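What follows is a single structure, written as structure tokens, with notes after it.
The values are calculated or read from the model by the stated rules, or taken from the named source; none is laboratory data. Keep in mind that this is a model prediction, so the values were computed, not measured. Cβ coordinates were reconstructed from backbone atoms using ideal geometry, including for glycine residues, and neighbour counts include every protein chain displayed.
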Ligand SMILES: Nc1ncnc2c1ncn2[C@@H]1O[C@H](COP(=O)(O)OP(=O)(O)O)[C@@H](O)[C@H]1O
Ligand SMILES: [Mg+2]
């Protein structure tokens, strides 16, 4: 594909569908997903439990080979996992017998050269873990462990970071703190971010766009461009307008009435 062609999309999904076969039953997890992601864009994807969010990220990540439609990265079909895509999950998935430094080093093909050591140190600093290089995962708080896994996911400088409810297991205050951190990191690194979340405020706080998915089968219901300057105060009237726009895709007007939404 030429650099000028196809809207300069870095990642393009066309007609993506996925069926699971479970005890003779067909579950249509995803159907007819068309999405474009521009380089450096931050896209949030929201939807209820079981709507296919993780399946979608697994397909983009190359972890799921058996699907319909096409997924192209810079014009080429994805053929499996690759260092061009980093993954972050709800659980940190650090190796418990390795330190913070070693966990991050483990993601690199070569981690002993001066250049590699510099890159590891830069990423530890980027996520605010300077001084914790020698700590083991059990010595870290949930938020710190997630910071370490962000560093590990970014250390190979992927073009795209795929985030599957990365802050879902954290307490509310830590979650807000890490949302601010991921925003700062994105602004510093300009990695394309694809964030899956069921937290609508998180989706609006972070995304250039919020993609709303429907359930069974998972389809794209709506895309909302978040035309708000960052940082975005969650108590501002314009934030509330976007929240209401997204809520409307999930709740009836009666459910959204002020006396109903206590
Ligand atoms: N390995 C699997 N085998 C059978 N069904 C699956 C499998 N993984 C997911 N599903 C089903 O596909 C649908 C989408 O799952 P998932 O992508 O995990 O949704 P979400 O991440 O939005 O909660 C759900 O109905 C789920 O039960
Ligand atoms: Mg999921």
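Listed values, structure above:
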{"quantity": "Wholly enclosed strands (runs of 3 or more DSSP E) of region 160-262 bearing at least 2 residues under 24 Å from residue 146 (Cβ atoms) and in contact (Cβ under 8 Å) with a residue 40 or more places away in the chain", "calculated": "160-164, 192-197, 209-213"}
{"quantity": "Which listed residue is more than 16 Å from ligand 1 (Cβ to nearest atom) and surrounded by 15 or more Cβ atoms within 10 Å (Cβ to Cβ), from 30, 94", "calculated": "94"}
{"quantity": "Filter result (touching a strand residue (DSSP E or B) at 6+ places or on another chain (Cβ under 9 Å) and surrounded by fewer than 16 Cβ atoms within 10 Å (Cβ to Cβ)) within region 167-180", "calculated": "168"}
{"quantity": "Count - residues of region 210-227 that are within 13 Å of ligand 1 (Cβ to nearest atom) and surrounded by fewer than 18 Cβ atoms within 10 Å (Cβ to Cβ)", "calculated": "3"}
{"quantity": "Selection within region 39-58 - on the phi > 0 side of the Ramachandran plot, within 7 Å of ligand 1 (Cβ to nearest atom) and surrounded by fewer than 22 Cβ atoms within 10 Å (Cβ to Cβ)", "calculated": "50"}
{"quantity": "Some residue of region 105-127 being closer than 24 Å to residue 201 by Cα and outside the structural domain of residue 21 (by TED's automatic domain parsing)", "calculated": "yes"}
{"quantity": "Complete set of residues in region 147-169 that are modelled with pLDDT of 95 or more and under 22 Å from residue 47 (Cβ atoms)", "calculated": "160, 161, 162, 163, 164, 165, 166, 167"}
{"quantity": "Any pair with Cβ under 8 angstrom, 6 or more apart, that starts in region 101-130 at a residue that is in contact (Cβ under 8 Å) with a residue 40 or more places away in the chain and ends at one that is surrounded by fewer than 12 Cβ atoms within 10 Å (Cβ to Cβ)", "calculated": "126/188"}
{"quantity": "Meets criteria (under 21 Å from residue 11 (Cβ atoms) and surrounded by fewer than 20 Cβ atoms within 10 Å (Cβ to Cβ)) for residue 244", "calculated": "no"}
{"quantity": "Failed item, numbered, when residue 164 is tested on (1) closer than 19 Å to residue 197 by Cβ; (2) crowded, with 16+ Cβ neighbours inside 10 Å; (3) not assigned by TED's automatic domain parsing to the domain that holds residue 21", "calculated": "(3)"}
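Listed here are the residues, each with its yes/no results for (1) touching a strand residue (DSSP E or B) at 6+ places or on another chain (Cβ under 9 Å); (2) more than 16 Å from residue 54 (Cβ to Cβ); (3) within 16 Å of ligand 2 (Cβ to nearest atom); (4) assigned by TED's automatic domain parsing to the domain that holds residue 18.
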site: 190; (1), (2), (3), (4): no, yes, no, yes
site: 199; (1), (2), (3), (4): yes, no, yes, yes
site: 211; (1), (2), (3), (4): yes, no, yes, yes
site: 218; (1), (2), (3), (4): yes, no, yes, yes
site: 233; (1), (2), (3), (4): no, yes, no, no
site: 242; (1), (2), (3), (4): yes, yes, no, no
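Let's see how each residue does on (1) under 16 Å from residue 214 (Cβ atoms); (2) in contact with a helix residue (DSSP H, G or I) (Cβ under 9 Å, 6 or more places away or on another chain); (3) not assigned by TED's automatic domain parsing to the domain that holds residue 70:
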| site | (1), (2), (3) |
| --- | --- |
| 14 | no, no, no |
| 19 | no, no, no |
| 26 | no, no, no |
| 30 | yes, yes, no |
| 33 | yes, yes, no |
| 36 | no, yes, no |
| 40 | no, yes, no |
| 55 | yes, no, no |
